[in-house]
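Notes to accompany the following structure.
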Amino acid sequence: MPKPILSYTYDKNDTTLLELVQRHVGAVETTADTISFMMNNKATLNEEIVAQLNALSSTHKILSHGVGLSIGSYSGYSEAYLALMDELYQEVPLYWHSEHLGYTTVDGENINVMLPVNRNDECLAMICKRVEQIQKRYPIPFLLENIAHLLPDYNCIYSEAEFLNAIVRNTGCGLILDVYNIACDVHNFGFNMDDFLAKLNLDAVKEIHLANGSIYKDKMMDIHSRAVSEDVLQKTKEIIPSLKNLEFVTYELMPEAIPSMGYVAIEQELIRIKNTLEL
Ligand SMILES: [Fe+2]
């Protein structure tokens with residue numbers, strides 16, 4: 001099994017940071033929504049970041065990871081996000097693209113939070129149909145990511161693992177396993193991580209996400225603002241040998257956290273992850 005490649009989120013026009021991180025990673029993950037801005041009432045990608053990603057693509061893999069697709073919205077997924085994805089797909093050679101299994105809009109209104117879908121048959125059919133549409137639109141692999149729950153779960157027919165497995169079985173899409181998101185669910189709702197991992201189709205996991213956030217009113221929040229906790233890193237180390245198709249481990253840090261964390265700490269964190277996980 002080839003060693004997984006370390007990857008880092010790159011969503012801010014910051015060439016100093018890019019030069020620093022590219023020495024430690026083999027891939028960068030960018031978010032079309034985050035590197036875009038509004039022009040003439042239409043979202044468009046930041047040209048400078050696109051040029052930087054293009055230049056980097058000769059030596060590094062470029063992954064796309066969206067947040068605004070809202071694949072789980074009953075009223076339909078976001079065409080505005082797909083327009084951005086169209087632009088990114090045309091402009092930058094992408095290795096693959098991914099999104100979260102959740103929704104951020106209801107009846108077209110942004111709810112400013114990402115919520116998980118109700119895991120029933122109706123929703124399964126809806127998600128699978130949309131995954132297939134996306135796979136036809138972009139002939140590169142598409143992955144879905146498990147998200148953290150902010151609210152107690154629905155009374156679902158399928159467990160988290162069963163639902164992800166069914167989507168993979170029906171569509172052939174891959175999975176991103178966000179270990180920090182699972183850690184949030186363990187902390188906030190007593191989610192059973194070992195049971196989830198025992199039931200999940202681990203062969204479908206092609207990427208791992210690592211992050212850390214903060215505790216707010218006893219709840220662990222899915223904010224990508226800090227160095228990865230030792231618990232999450234050690235759990236990831238334990239899981240990796242069972243992921244035979246794992247290609248990337250991405251350290252997620254939101255652009256707003258870069259000044260407070262600082263370049264030196266970001267570089268140290270990449271080295272720490274790489275050494276601990278033997279990437
Ligand atoms: Fe993630």
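Here are a few things to note about the model shown:
- Gyration tensor (alpha-carbon) shape descriptor, the stretch 36-79, a/c threshold 1.5: oblate
- Rotationally averaged projected area of the chain (alpha carbon convex hull; nm²): 14.1
- Using θ = phi - 60° and Karplus 6.51 cos²θ - 1.76 cosθ + 1.60, couplings along the stretch 126-132 (whole Hz; Gly, Pro as x): 5, 5, 4, 4, 5, 4, 5
- Counted residue by residue at 0.36 nm each, then reduced by the alpha carbon distance between them, the extension gain from T276 to A43 reaches 79.9 nm.
- Whole-angstrom gap from the stretch 62-115 to the stretch 229-279, using each part's C-alpha centre: 24
- Loop sites by DSSP among the trypsin sites (Lys or Arg not before Pro) of the chain, restricted to those with at most 15 other Cβ atoms within 10 angstrom, leave 24-216 as the longest stretch without any of them.
- Rg/Rh ratio calculated on Cα atoms of the stretch 20-151 (Kirkwood radius): 0.98
- Net charge dipole, the stretch 5-277: roughly 460 debye, given to the nearest 20, about the Cα centre with Cβ charges of +1 for Lys and Arg and -1 for Asp and Glu.
- The stretch 124-279, dipole about Cα centre (Lys/Arg Cβ +1, Asp/Glu Cβ -1), debye to the nearest 20: 480
- By DSSP, the beta bridges lying fully in the stretch 5-277 are antiparallel in about 25 percent of cases.
- Sorted ascending by nearby beta carbons within 10 Å, beginning with the fewest, M126, M85 become M126, M85.
Readers should treat all values here as calculations from the given coordinates under stated rules, not as data from a laboratory. Note that this is a predicted model, so its numbers are computed, not measured. So basically every Cβ, Gly included, is an ideal-geometry build from the backbone, and we count neighbours across all protein chains shown.
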